[in-house]
């Protein structure tokens, strides 16, 4: 076995042990680890972290003949693909425009014709997304200890709508849209929005989200990272993009 292979084996073992320890330490230790990192501000992703994208599935069921969850997941994946294209081509389009384009793609892919009114109605479901059940309790518990920031791909109008719908206005110190700098995560200048908004060094911020690409960007910028994986995690990513791994936002406030 060569030197590089030995290093790779050691790294894999370290990551696996780190993962197992995190899974068995319990909520209190997760909180202790967060405090040990010296964090003063938590930066939350919006869609998929605070707000449940799958809560829009019933509206899609009505249009796509009972395939709402499948279609809404396909639609979301297409949106993310378009954001990556915007980064690569340096040609920004806001998320609402990308959502419309992705929904037209979904219409063709699933062979269900939709009118412009139906398209607008389905996109508008993002204004009414339900938050995950633990969100208000967690944000209430965290609000007095940290600055709480929402940093999202959504337009400012979209974010203000969904935040207001879920009555989270008083719990978030800042609601920030990438529209301000016309780019998407994981571009480093997106994370700079948060540090410009709160007067703390970058390593006093922790980004909380489930998308590995977004976490990698936050890590590269200098933020701490908390990986929220509500489903089974990809263990190989532990230690590379995440300082802490959690399975529920409740782990942050226990």
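The values are calculated or read from the model by the stated rules, or taken from the named source; none is laboratory data. Keep in mind the model is a prediction, meaning the values are calculated, not measured. With ideal geometry, Cβ positions are generated from the backbone for all residues, glycine too; neighbour counts draw on all protein chains shown.
Considering the conditions (1) under 29 Å from residue 62 (Cβ atoms); (2) surrounded by 17 or more Cβ atoms within 10 Å (Cβ to Cβ); (3) touching a helix residue (DSSP H, G or I) at 6+ places or on another chain (Cβ under 7 Å); (4) touching a residue at least 40 places away in the same chain (Cβ under 8 Å), residue 148 is excluded by exactly one of them, (1). The single condition from (1) over 30 Å from residue 37 (Cβ atoms); (2) touching a strand residue (DSSP E or B) at 6+ places or on another chain (Cβ under 9 Å) that residue 148 fails is (1). Checked across the stretch 153-175, the condition of being part of a strand (DSSP E or B) and modelled with pLDDT of 95 or more holds for at least one residue. For the condition surrounded by 17 or more Cβ atoms within 10 Å (Cβ to Cβ) and in a strand (DSSP E or B), residue 207 qualifies.
Filtering the stretch 87-124 to residues that are surrounded by fewer than 18 Cβ atoms within 10 Å (Cβ to Cβ), touching a residue at least 24 places away in the same chain (Cβ under 8 Å) and part of a helix (DSSP H, G or I) leaves 87, 96, 105, 109, 118, 121.
Conditions (1) farther than 19 Å from residue 41 by Cβ; (2) touching a helix residue (DSSP H, G or I) at 6+ places or on another chain (Cβ under 8 Å), marked per residue:
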{"site": "183", "(1), (2)": "yes, yes"}
{"site": "198", "(1), (2)": "no, no"}
{"site": "224", "(1), (2)": "no, yes"}
{"site": "229", "(1), (2)": "yes, no"}
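Return a yes/no flag: does the stretch 158-174 have any residue that is within 26 Å of residue 38 (Cβ to Cβ), surrounded by 18 or more Cβ atoms within 10 Å (Cβ to Cβ) and in contact with a strand residue (DSSP E or B) (Cβ under 6 Å, 6 or more places away or on another chain). The answer is yes; a qualifying residue exists. Considering the stretch 183-199, and only residues there that are outside any helix (DSSP H, G or I) and within 18 Å of the chain's Cα centre (by Cα), the residue that is nearest to residue 216 (Cα to Cα) turns out to be 186. Of 136, 58, all but one fail to be assigned by TED's automatic domain parsing to the domain that holds residue 215, in contact with a helix residue (DSSP H, G or I) (Cβ under 9 Å, 6 or more places away or on another chain) and modelled with pLDDT of 95 or more; the exception is 136. Can you confirm whether residue 84 is in a helix (DSSP H, G or I), at pLDDT 95 or above, farther than 17 Å from residue 186 by Cα and not assigned by TED's automatic domain parsing to the domain that holds residue 154? Criteria not met by residue 84.
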